[in-house]
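*Asks:* I have a structure I would like to understand better, so I am pasting it below and will then ask my questions one at a time.
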Amino acid sequence: MVSPEEVFYSSNNATKPSIPSDVTRKDFEYGKRYYICKDSLDREPLIRRSLITELGCSNGQRLLYLKEQYRFENAVGVDLGFNCEYKIGTSIFTPANLNIKWQLEDGSVDVLIAMMLLEHLFDPFFCFKEISRVLNSDGRAFINLPLITSVKNRFRLLVGLIPITSVPYSRWEIEGHWDGFHLHYFTLNSIYDLARSAGLSVKSIQGVGGMKKLKDLMPKLLCGEISFEVRKGSKV
């Protein structure tokens, strides 16, 4: 039986996993969503490199790139769009409904990545608690979320327009979805609260896109999205 989630996201199905390319490497350049992964792992290498996993991994190229660059033993990529399980060496790619308990063991993950994903899932509190559950005590998670507090959205609300965190409003009806399938909107304070409720702490926050240095100074006002890192514990 096809689940409501599979119907809801049917237009965003992932492709089969594929090997990283030069295009993939550009996703880790300064100002890109995945830059925070490279920045953190270069500055503070991990002692344990058993498992890296990405939720909503699409074709898995970014996950495989990180696995290779930082020499993880195993990788698990999860995406609702896969129609079966795939294997590439010691990497496994599998379909899963992430609105229910994730098929990862407690404390098993060294690095977890969830870019452009949690805003699409039903319960952010559940998601952050699952992140806390599957991370080991020294693990870290890299997450990307949209912010609703940008100057552009404040102006939209001021003049009676709806805030936007994905595709332009003029295309919502044409493309048949509400704000790019985003179910939730976030502020920096709400992200800190979500992390704290799950026993996680926000280690760093980075703006995405052009003028990154300026965005990093005033993320509440200038960022339409942020990438951030969380770790176990109240202080990191």
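The values are calculated or read from the model by the stated rules, or taken from the named source; none is laboratory data. Keep in mind that this is a model prediction, so the values were computed, not measured. Neighbour counts run over all protein chains shown; Cβ positions are idealised from the backbone, glycine included.
*Asks:* Answer with yes or no whether Lys203 is of a type in the set (D, E, K, R), buried (at least 16 other Cβ atoms within 10 Å of the Cβ) and in contact with a Cys (Cβ under 8 Å, 6 or more places away or on another chain).
*Replies:* no
*Asks:* Quick check on segment 200-235: of everything there that is of a type in the set (Lys, Arg) and assigned to a helix (DSSP H, G or I), which residue is farthest from Asn153 (Cα to Cα)?
*Replies:* Among them, the one singled out is Lys213.
*Asks:* Taking into account only those residues within segment 14-45 that are in contact (Cβ under 8 Å) with a residue 60 or more places away in the chain and surrounded by fewer than 14 Cβ atoms within 10 Å (Cβ to Cβ), which is farthest from Gly77 (Cα to Cα)?
*Replies:* Tyr30
*Asks:* For residues in segment 46-72 being of a type in the set (Val, Ile, Thr) and surrounded by 24 or more Cβ atoms within 10 Å (Cβ to Cβ), which is farthest from the chain's Cα centre (by Cα)? First the steps, then the outcome.
*Replies:* Narrowing segment 46-72 to residues of a type in the set (Val, Ile, Thr): 47, 52-53.
Then drop every residue that is not surrounded by 24 or more Cβ atoms within 10 Å (Cβ to Cβ), which leaves 52-53.
Details: Ile52: 13, Thr53: 11 Å.
The residue in question is Ile52.
*Asks:* So, of the residues in segment 1-30 that are within 23 Å of His120 (Cβ to Cβ) and touching a strand residue (DSSP E or B) at 6+ places or on another chain (Cβ under 8 Å), which turns out to be modelled with the lowest pLDDT? Quick ask: steps written out before the conclusion?
*Replies:* Of all residues in segment 1-30, those within 23 Å of His120 (Cβ to Cβ) come to 1-18, 24, 27-28.
Of the ones still in play, those that are also touching a strand residue (DSSP E or B) at 6+ places or on another chain (Cβ under 8 Å) are 16-17.
Values: Lys16: 81, Pro17: 85.
Among those residues, the one meeting the criterion is Lys16.
*Asks:* Now, a different point. When segment 137-155 is examined, which residues are found to be surrounded by fewer than 16 Cβ atoms within 10 Å (Cβ to Cβ) and either over 11 Å from Lys232 (Cα atoms) or among the polar types (S, T, N, Q) (or both)? Don't jump to the end; show me each part of the working.
*Replies:* Step one: list which residues in segment 137-155 are surrounded by fewer than 16 Cβ atoms within 10 Å (Cβ to Cβ), which gives 137-138, 151-152, 154-155.
Ser137, Val151, Lys152, Arg154, Phe155, listed by residue number.
*Asks:* Does His184 count as farther than 15 Å from Leu55 by Cβ, buried (at least 16 other Cβ atoms within 10 Å of the Cβ) and not small (Gly, Ala, Ser)?
*Replies:* Spelling it out, His184 is indeed farther than 15 Å from Leu55 by Cβ, buried (at least 16 other Cβ atoms within 10 Å of the Cβ) and not small (Gly, Ala, Ser).
*Asks:* Within segment 83-96, can you find the residues that are polar (S, T, N, Q) and surrounded by 16 or more Cβ atoms within 10 Å (Cβ to Cβ)?
*Replies:* Residue satisfying the conditions is Ser91 alone.
*Asks:* Sticking with this structure for a sec: Look at segment 128-163 and say how many of its residues are part of a helix (DSSP H, G or I), under 22 Å from Leu98 (Cβ atoms) and β-branched (Val, Ile, Thr).
*Replies:* Here the count works out to 2.
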